[in-house]
Amino acid sequence: MTVTVRVPAKVNVQLGVGGLRADGFHDLANVFFAVALGDEVTATAGEPGTGVTLSCAGPDADAVPLDDSNLAARAARLLAAHHGLAAADVHLHIAKAVPVAGGMAGGSADGAAALVACDALWKLGTPVEVLLELAAELGSDVPFALVGGVALGRGRGEILEPLPVAGTYHWVFAVADGGLSTPAVFRECDRLREEAGTGSSDTEVATPDADPALLAALADGDAAALAAALTNDLQPAALSLRPALAATLRAGTGAGAIGALVSGSGPTCAFLAKDAEAAEAVAAALRASGSCRAAHATYGPVPGAAVTVGEPRGQ
Ligand code: ATP
C-alpha cells in the first residue's frame, strides 16, 4: 500500500523576534501563512527489517540529507515509537519543490507530511492533538505544517492559534543560490541588536505581539493592507549575511509587487502581488533580473498536510 501526502510551505507574514532567553531560544510572534508551493511525501510499506529508507527528487534534492537526520525519517520513527510499534519499516519518497534551507520550513513540512502518511499507512488513527504534540517534538515549525491556513505561533512558534482570513492572496517566491542556517540568522539578529546598543536579551527587548493592523488586513481579505503590514525582524540579519538579497527585493517591487520581505530566516524572498496575473509578471521579471536562481508564482492560504493518494484520515 502507498499513501501520498501533500504539504504546504510557509511564509511568515509577521515574524516578531523577542530577546534571547536563558534557554537559548527567542520568544516569537509568528504569523504563519501556508502557500500552495509545497512538497509531497509518499510512504510505501517496506520489507520487514528494512527500517526507514528515503529517496528524494526535485531541483534541490542533492541538498536534502537522506540519513537519520531527515525530518521525515525522524517523524516516522517518532510515530512508531509513540505507538510502541516494534519496527518502522517504511520507504519515504520526498518530491521536493520547497527550497532547502530557504526559510520556508520545507524540512518541517516533510516531517509533518511523514507523520500523516505513516499514520494512514499503518492505520493508527492518531488523534490530531497527539500528532500536534509529536510535531512540536520534531521542531517549532512542524505543527503549523499540519494545521495550514494562517495561524499565530507563540512561544518558539509551536503554540498555534488559527487566525480568521478572507480571500486568496497571490505570492511570488524568489529562490536564492544556497541556503542560510536559521540559528546563524538568529545569532546575527542578536549581534546587530548588540551593535545598535539596544541589547539582545529578553530583559532588554520587548516581547513581540501580533500586529492588530496585520490581523485586520487578513480578516478583511485586504491584500494592500497586508502588504503594508508585512514585517520580519530577521530581515536585517538575513540581509547582513546575504547583502545580494536587497537587489532581489528591489527587482520584485520594481516589477509591481505590492509587498516584499525575506521569508523567515531567508534567503528566499517573498512578494505579494495584487492578483494572479500580476504575480506571473513579477515572477517573470525576477527570473529576467538574474537576482535569483528561480521564481515561483503561487497562492494561499491552503490547508495543512493532507492525504492525496491512499486512505484519507478519519474515513
Ligand atoms: P525554517 O524556515 O523552518 O527555519 P528552512 O526552510 O530554512 O527552515 P529547511 O529546508 O527546513 O530550512 O532545512 C534546514 C536543514 O534541515 C537543511 O539544511 C537540512 O540539512 C535539514 N533537513 C532535514 N530534513 C530535511 C528535509 N526533509 N528537507 C530539507 N531539509 C531537511
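Excluding ligands, DNA and RNA, what is the solvent-accessible area per residue of region 79-207 at a probe of 1.4 Å, expressed in Å²?
Heavy-atom accessible area per residue stands at 39 Å².
Distance between the C-alpha centers of region 73-122 and region 157-230? Whole Å please.
A separation of 26 Å, based on Cα centres.
Report, to the nearest whole %, how much of the accessible area of the chain belongs to carbon and sulfur atoms, 1.4 Å probe, protein only.
About 55 percent, which is the carbon plus sulfur part of the accessible surface.
From the square roots a ≥ b ≥ c of the eigenvalues of the alpha-carbon gyration tensor of region 126-184, which class results: rounded (a/c under 1.5), prolate (a/b over b/c), or oblate?
Judged from the Cα gyration tensor, region 126-184 comes out oblate (a/c at least 1.5, b/c at or above a/b).
What list of ³J(HN,Hα) couplings, whole Hz, do you get for region 15-20 from phi and the Karplus terms 6.51, -1.76, 1.60, once you set θ to phi - 60° and write x for glycine and proline?
Rounded to whole hertz, the list is 10, x, 10, x, x, 5.
For the Cα atoms of the chain, what angle does the longest principal axis make with the long axis of helix 71-82, in degrees from 0 to 90, nearest 10?
It is inclined by approximately 50 degrees.
Just to confirm the number: angle between the C-alpha axis of helix 128-138 and the first principal axis of the chain, 0 to 90 degrees, nearest 10?
Once rounded, one gets 70 degrees.
Nearest 0.05, what FRET efficiency do Thr308 and Ile159 give at R0 = 22 Å with Cβ-Cβ as r?
The formula returns an efficiency of 0.15 here.
So what's the net charge close to Gly58: Lys and Arg +1, Asp and Glu -1, counting the other residues with Cβ under 13 Å from its Cβ?
Here the count lands on -4.
What order do you get for 166-174, 79-87 when each peptide is scored by the mean count of other beta carbon atoms within 10 Å, highest first?
166-174, 79-87
With a point put 7 Å past each Cα toward its Cβ, work out how far Thr50 is from Thr2 in nm, to one decimal.
1.2
In cubic angstrom, how much convex hull volume per residue do the alpha carbon atoms of the chain span?
126
If I histogram all Cα-Cα distances within region 208-277 using bins 10 Å wide from 0, what percent of pairs lands in each bin?
Pair shares across the bins are 21, 48, 29, 3.
Distance from a point 7 Å along Cα→Cβ of Asp220 to each backbone N in region 122-159: keep the residues under 18 Å and list them by number.
Backbone N within reach: none found.
In nm, to one decimal, how far is the Thr168 label point from the Val128 one, both placed 7 Å along Cα→Cβ?
Roughly 2.3 nm, to one decimal.
Between the helical axis of 182-195 and the dominant principal axis of the chain, each derived from Cα atoms, what acute angle in degrees is found, rounded to the nearest 10?
30
How compact is region 51-108 by the rule of thumb for globular proteins, expressed as Cα Rg over 2.2 N^0.38 Å?
Computed over Cα atoms of region 51-108, the ratio equals 1.18.
Return the calculated 222 nm mean residue ellipticity for the chain, to the nearest 500 deg cm²/dmol, obtained by summing -39500 (n - 2.57) across DSSP H runs with n ≥ 4 and dividing by the residue count.
When only DSSP H runs of four or more count, the value is -10000 deg cm²/dmol.
Would you mind telling me which residue in Asp119, Asp233, Asp202 has the biggest mean-square fluctuation in a Gaussian network model of the chain, where springs connect alpha carbons within a distance under 10 angstrom?
Checking each option, the largest mean-square fluctuation is seen for Asp202.
Given a Förster radius of 25 Å and the C-beta distance between Glu195 and Ala22 as r, what FRET efficiency does 1/(1 + (r/R0)^6) yield to the nearest 0.05?
According to the calculation, E is roughly 0.70.
Among Pro212, Ala278, Thr4, which residue has its Cα positioned farthest towards the positive end of the charge dipole of the chain, with +1 placed on the Cβ of Lys and Arg, -1 on the Cβ of Asp and Glu, and the dipole taken about the Cα centre?
Ranked along the dipole, the leading option is Ala278.
The values are calculated or read from the model by the stated rules, or taken from the named source; none is laboratory data. Quick caveat, the model's predicted, so the values are computed rather than measured. Ideal geometry is used to build each Cβ from the backbone, glycine not excepted, and the neighbour counts take in all protein chains shown. Side chains are part of the model used for accessible areas, which takes the heavy atoms of the whole protein and leaves out ligands, DNA and RNA. Shrake-Rupley method; radii C 1.70, N 1.55, O 1.52, S 1.80 Å.
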